[in-house]
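Engineer: Below is a structure I'd like to ask you about.
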Amino acid sequence: MTLLGKTAVVTGGSRGIGRAIVLKLAEMGANIVVNYTSSPQKAEEVVALVKEMGREAIAIQANVSDSDAIQKMMQEVEEKFSTIDILINNAGITKDTLLMKMKDEDWDQVMDINLKGTFNCTKAVTRKMMKQRSGKIVNLASVVGVMGNAGQANYAASKAGIIGFTKSVAKELATRGINVNAVAPGFIQTEMTDILSDEVKEAMMANIPMKQLGTPEDVANVIAFLCSDDAKYITGQVLHVDGGMVM
Ligand code: NAP
């Protein structure tokens, strides 16, 4: 599997799963755009690691929920790299609370970043990929978007929305040489899950048949496969990387 000379945009590439995706795609030969919002230092650290591997990389600050900022970011990518071959819609947040306590802004912020962000970034690369007649788009869903989870109605709705979005766009772009898939991670060790209480972590673990947490690399490896030519006949799918939580 090689991605030599391809350009990949990874939203939320500064930390956690996004960081692991950046490093894996770079290892396979891709040049990388590390998108982030609040942690420039971490984004620049990832850029430096990619450059050490002999690839080109830049960090671009842009909030995925801001369509103007995302269009500007993609223009900058085109100017620098000429092509946009791979888009990984990874940026995501949680604002967990029970429905009865959920504020409008908890709902709106999660939907704006997770779901609208995926729409904004996908729309911004589609024309370019259609002209190229090639492209790979992978969206980060979650097991929670399939199973639901108490305290995560906003997050689950955003991730279920990403699954419907993925399948619809996959159908629209299938004849244009563009593969659109989703990956649904289970419980992966990152800052997003570090903040959960021990009680919640124990309850999650009870639902994992493999009885262990996943690593960001477990998710990145599957995404790298979906971005490779080995996966050229796969589109509109949701691949679960979850130790067997959903089966
Ligand atoms: P994380 O460690 O919290 O990292 C989130 C990343 O998203 C950071 O790079 C952050 O950038 C970026 N980000 C947040 N809001 C953004 C915005 N508005 N615009 C651009 N970038 C933004 O999260 P993670 O655990 O790696 O999760 C990555 C993805 O996997 C998310 O979509 C998440 O829902 C999904 N997922 C995670 C798990 C899990 O167990 N961890 C399970 C299922 C699905 P800054 O550094 O600049 O803040």
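The values are calculated or read from the model by the stated rules, or taken from the named source; none is laboratory data. Computed from a prediction, not measured in an experiment: that's the story for all the values here. Glycine also receives a Cβ, built like all others from the backbone with ideal geometry; neighbour counts cover every protein chain displayed.
Engineer: Residue pairs, Cβ under 6 Å, 6 or more apart or interchain, first in the range 95-112 and over 22 Å from Glu191 (Cα atoms) and surrounded by 11 or more Cβ atoms within 10 Å (Cβ to Cβ), second of a type in the set (A, V, I, L, M, F, W, C) and at pLDDT 95 or above. List them.
Structural biologist: Close Cβ pairs satisfying both conditions: Leu99/Ala153.
Engineer: Can you give me the number of residues within the range 32-70 that are free of Cβ contacts under 8 Å to residues at least 40 places away in the same chain, more than 7 Å from the ligand (Cβ to nearest atom) and at negative phi?
Structural biologist: 22
Engineer: With the requirement that a residue be buried (at least 16 other Cβ atoms within 10 Å of the Cβ) and out of contact with any helix residue (DSSP H, G or I) (no Cβ under 9 Å at 6 or more places or on another chain), what does the range 201-216 give you?
Structural biologist: Scanning the range 201-216 gives Ile208, Gly214.
Engineer: Would you point out the residue of the range 177-205, among those that are without any contact (Cβ under 8 Å) to a residue 12 or more places away in the chain and part of a loop (DSSP other than H, G, I, E, B), that is farthest from the chain's Cα centre (by Cα)?
Structural biologist: Ser197
Engineer: Here's another thing I want to ask about it. Might you let me know whether the range 230-245 holds any residue that is within 10 Å of the ligand (Cβ to nearest atom), surrounded by 15 or more Cβ atoms within 10 Å (Cβ to Cβ), under 18 Å from Thr166 (Cα atoms) and without any contact (Cβ under 8 Å) to a residue 60 or more places away in the chain?
Structural biologist: Yes, the range 230-245 contains a residue that is within 10 Å of the ligand (Cβ to nearest atom), surrounded by 15 or more Cβ atoms within 10 Å (Cβ to Cβ), under 18 Å from Thr166 (Cα atoms) and without any contact (Cβ under 8 Å) to a residue 60 or more places away in the chain.
Engineer: Can you confirm whether Val22 is within 16 Å of Leu140 (Cα to Cα), more than 8 Å from the ligand (Cβ to nearest atom), at pLDDT 95 or above and of a type in the set (A, V, I, L, M)?
Structural biologist: yes
Engineer: If you take the residues in the range 71-126 that are within 16 Å of the ligand (Cβ to nearest atom), assigned to a helix (DSSP H, G or I) and among the acidic types (Asp, Glu), which one is nearest to the chain's Cα centre (by Cα)?
Structural biologist: Restricting to residues being within 16 Å of the ligand (Cβ to nearest atom), assigned to a helix (DSSP H, G or I) and among the acidic types (Asp, Glu), the top hit is Asp112.
Engineer: Moving on. Answer with yes or no whether Ser158 is within 16 Å of the ligand (Cβ to nearest atom) and of a type in the set (Ser, Thr, Tyr).
Structural biologist: yes
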